[in-house]
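Visitor: Take a look at the following structure, please.
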Amino acid sequence: MTLPAIKVEQLSKKFIISHESQERYTSLRDVIANQAKRLTRRTRKGGSGPAKEEFFALNDINFEIFPGDRVGIIGRNGAGKSTLLKVLSRITEPSSGRITIRGRVASLLEVGTGFHPELTGRENIFLNGAILGMARSEIKRKFDEIVDFAEIEKFLDTPVKRYSSGMYVRLAFAVAAHLEPEILIVDEVLAVGDAQFQKKCLGKMEDVSKNEGRTVLFVSHNMNIIKTLCNKSILFAGGKLIKSGSSSEIVKSYLDFGDHGDKVYTHKMGGKELRINNVEINGSKAATVALLSQLIFKIDFEASSFSGDCEFFILIYNDEGVCVQGIFQTDTGQYAAVRSGAGSIKVTLDNNLVPGKYYVSVGAFDRFKSFLDWVELCESFEVQSVYDDGRIFRERLGLSLGRATWEA
């Protein structure tokens, strides 16, 4: 009987959040006086302070992962994915529950994690190997492979504090993958690297899992990569494990999750200066459109502290999690002139998508391409298999339909 490489039982991680009322002030004197009042009040009442709230980043989690499994951890921002990886990597302690891990764990969670900035790349390779419990001779045997994979030979004797984020990631992944841990845990940090290196990393993770029997845990928002790399996946939402199973099944559940009824938008980036509150497609929350008809998107937003030129964008994903179309406002050479308060913007798009279900993410940049907001997978629509003129769609290759004129 094969024992699980990772077994998690009734795992919870609780944080305490303090809430203190925000007050407007007119001078430094007022601030000092208010702080003195709070200090006196706490002393008189025996230390009472700001209101505190318990927040469960993970709540009663149970699952097993077996040797050789490549498991995708899926969920929207705030679902508990990164907290889970930190607990499994023993970076943070769980509040309750039990974790059983069989084998050495190598983690790649954030750029530069586990590196000493003052040491060179060469020295950090040996340091990381020692942390994993490897003998110097073992590290020497793998050293050339690590350097070749990371492609940083020219900078090997340079302190890593002078590395770019991409160089950091290349070396960190090379060390984690080649020093033979039984369990490899990788967060979205690979997104920092270029496309060619990401492909190289994914191939290496698949190789160490299939050919060497090692276990891989991988967090990503790219559903296509999850389905390609991972044979199993786990879906998280609000700190709870929602579902586990095959990656294709879990990706579909992730895309559909919260698709019915009232839904709270997930703001992946930004959302403070400008916040997208509502998206409608053809006048409804879940539209159904015929082939070759138009798609009309209406985006409602609230600008609190932003005023100026803004670029909105729309990303459309199919039910495989592949982005099939990106619509950016500046493709037409235009910006939206946003002022404080509520506003809306509308875009009309000719629909040439094949029949199926599609999911929409919406966001906005400022003029410097910094995210003002990015609402992830906020709404969906379905394309019917009937043309505008009543003809029935016949199965054919591709993701979109193009109108063409044929001449003999």
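The values are calculated or read from the model by the stated rules, or taken from the named source; none is laboratory data. The structure presented is a predicted model; accordingly, all values stated were derived computationally and were not measured. Cβ coordinates were reconstructed from backbone atoms using ideal geometry, including for glycine residues, and neighbour counts include every protein chain displayed.
Visitor: Report whether or not Arg70 is touching a strand residue (DSSP E or B) at 6+ places or on another chain (Cβ under 9 Å), crowded, with 18+ Cβ neighbours inside 10 Å and modelled with pLDDT under 90.
Guide: For Arg70, the condition - touching a strand residue (DSSP E or B) at 6+ places or on another chain (Cβ under 9 Å), crowded, with 18+ Cβ neighbours inside 10 Å and modelled with pLDDT under 90 - is not met.
Visitor: Hey, can you tell me all the residues within the stretch 306-344 that are on the phi < 0 side of the Ramachandran plot, among the small types (Gly, Ala, Ser) and either in a strand (DSSP E or B) or under 26 Å from the mean Cα position of the chain (by Cα) (or both)?
Guide: Result: Gly326, Ala336, Ala337, Ala342, Gly343, Ser344.
Visitor: Here is a list of conditions, (1) within 22 Å of the chain's Cα centre (by Cα); (2) surrounded by fewer than 22 Cβ atoms within 10 Å (Cβ to Cβ), and Leu171 meets all of them except one; can you say which number that is?
Guide: For Leu171, the exception is condition (2).
Visitor: Asp389 fails exactly one of the following numbered conditions: (1) under 30 Å from the mean Cα position of the chain (by Cα); (2) of a type in the set (Asp, Glu); (3) more than 30 Å from Gly271 (Cα to Cα). What is the number of that condition?
Guide: Asp389 satisfies all of (1) under 30 Å from the mean Cα position of the chain (by Cα); (2) of a type in the set (Asp, Glu); (3) more than 30 Å from Gly271 (Cα to Cα) except (1).
Visitor: Let me ask something additional. Return the residue satisfying two criteria in turn: it lies in the stretch 293-323 and is surrounded by fewer than 17 Cβ atoms within 10 Å (Cβ to Cβ) and aliphatic (A, V, I, L, M), and of such residues it is nearest to Ser248 (Cα to Cα).
Guide: Val322
Visitor: Does at least one position in the stretch 131-147 carry a residue that is in contact with a Phe, Trp or Tyr (Cβ under 6 Å, 6 or more places away or on another chain), at pLDDT below 90 and surrounded by 20 or more Cβ atoms within 10 Å (Cβ to Cβ)?
Guide: Yes - at least one qualifying residue is present in the stretch 131-147.
Visitor: Assuming Ile101 fulfils every condition listed in (1) modelled with pLDDT of 90 or more; (2) over 15 Å from Leu217 (Cβ atoms) apart from one, which condition is it?
Guide: (2)
Visitor: Filter the stretch 185-235 down to the residues that are part of a helix (DSSP H, G or I) and β-branched (Val, Ile, Thr), then identify the one that is nearest to the chain's Cα centre (by Cα).
Guide: Val189
Visitor: Condition first: under 26 Å from Asp388 (Cβ atoms) and part of a strand (DSSP E or B). Now tell me which residues in the stretch 346-361 satisfy that.
Guide: Scanning the stretch 346-361 gives Lys346, Val347, Thr348, Leu349, Asp350, Leu353, Gly356, Lys357, Tyr358, Tyr359, Val360.
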